[in-house]
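Since the structure comes first, as structure tokens, the remarks are kept for the end.
What follows draws every value from the coordinates through simple rules; no lab data is involved. Note that this is a predicted model, so its numbers are computed, not measured. Neighbour counts are summed over all protein chains in view; Cβ atoms, including those assigned to glycine, are modelled from backbone coordinates with ideal geometry.
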Amino acid sequence: MRIARTRPRPRVARLLFGAVLTAIMAFAVGGTAAVAADAGSGMSANARTDVYIRDIASDTGFEPHGAIYSSFFNSPDIKICPNAIECAASTNPVVGSTSYVFVKLNQHGPYGSGTSTGTLKAYYTTSGGAANWPVHWTPIGAKPLVVAASGVTTTSIAWNNVPSIGHFCLLLRWESPTDPMLFEGTATSINTQYNNNIAWKNANTVPAATPGPISVRPYALANALDVPAKFDLAFRPLGEAVPGAKIVADLGPEMFQRWRAAGAQGEGIRVVGNTSIQIVDPAKAQIKDLLINPDERPVLSLSFSTDQVLQRSYVLQVVQVGPAKEIGEKYDVGGVDYTFDPKVR
């Protein structure tokens with residue numbers, strides 16, 4: 001959940017979480033989170049450890065992480081690599097292969113100290129925006145670990161027989177009796193931002209060779225609320241817009257019909273087929289008011305290509321934006337960073 005500029009994060013926490021307000025606010029204002037998290041558990045603050053996996057590069061473990069307007073779904077501490085040797089940058093896994101999920105565990109965070117014993121667990125889901133916990137996540141594997149009292153521990157979990165959907169979001173969870181979750185709800189976005197031992201990796205590379213192929217990627221949507229709600233799909237370049245980019249979103253018959261029924265709202269877009277919408281302005285395009293029911297998992301199809309020779313990589317963020325519980329305004333609930341890479345063929 002990315003908080004809008006018009007409202008401070010503590011207000012959102014108050015509205016969202018009600019009964020756990022005290023614990024949430026301890027994180028939000030930099031208080032003693034260990035005391036809040038462990039109240040009623042019998043654990044003393046001195047016994048608490050604090051391993052954290054970063055949401056963003058500047059993350060130091062405080063929850064929610066300090067950069068309100070930066071993405072929380074592309075952790076720099078998670079990589080997919082093609083073999084058991086850590087790679088320089090995350091790669092797209094190959095269907096049917098064994099890939100390796102590398103994770104960096106940072107010790108210690110602001111809410112505890114000391115050697116930590118627990119289990120690192122990895123999960124995947126179809127690449128896309130929001131995802132509900134735990135129903136949309138499939139286990140990859142788990143590894144028991146002892147994490148040293150300081151520094152960074154790097155480890156990996158083998159991902160055997162990568163399934164055929166081919167493009168994924170990853171979720172990593174550090175579970176330890178001395179490093180408990182603050183709380184957990186249905187929304188993966190909220191769980192990720194308010195627990196420093198949960199991290200999300202939603203990133204994908206598309207080839208940008210010219211003339212190049214059209215790269216097609218699935219994009220799954222979700223609704224963590226218990227009532228139907230309307231969500232937007234926003235397109236945002238991280239830095240400069242991708243030169244010559246052509247992006248088309250195929251909503252499929254059901255979602256396209258719902259979008260039409262809601263007024264076919266959006267900006268920087270145009271309809272180009274029976275169920276498809278072209279992103280005319282990838283610097284600020286939005287497809288608005290996509291109605292999603294609770295427990296639904298509609299999967300759109302995004303196609304990417306470019307008609308220009310790129311001299312470097314560009315990143316386009318595709319974000320699902322929607323209402324949080326009891327809040328009328330809309331916030332980021334998840335997304336994917338797509339890298340247009342001229343080196344990929």
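Annotations
- Note that region 133-280 shows a convex hull volume over its alpha carbon atoms of 191 Å³ per residue.
- Pairs of alpha carbons in region 96-197 separated by more than 15 Å make up 64% of all such pairs.
- Straight-line cross-link reach from Lys143 at under 12 Å between alpha-carbon atoms covers these aspartates and glutamates, not counting any fewer than eight positions away in the same chain: Glu175.
- For region 239-345, convex hull of alpha carbons as volume per residue, Å³: 123 Å³
- Using a Förster distance of 22 Å, the FRET efficiency for Asp226-Ala262 (Cβ separation, nearest 0.05): 0.60
- Region 113-158 versus region 208-262: alpha-carbon centroid distance in Å: 28 Å
- Placing +1 on the Cβ of every Lys and Arg and -1 on the Cβ of every Asp and Glu, with no other charges, gives region 98-214 a dipole of roughly 160 debye about its Cα centre.
- All lysines inside 17 Å of Lys230 as judged from Cα atoms, apart from same-chain residues fewer than 8 positions distant: Lys288, Lys325, Lys330
- Residues Thr115 and Val299, FRET efficiency given R0 of 51 Å [Cβ-Cβ distance, rounded to 0.05]: 0.75
- For the peptides 150-158, 217-225, 195-203, residues were scored by their other Cβ atoms within 10 Å and the scores averaged per peptide; the highest-first order is 195-203, 217-225, 150-158.
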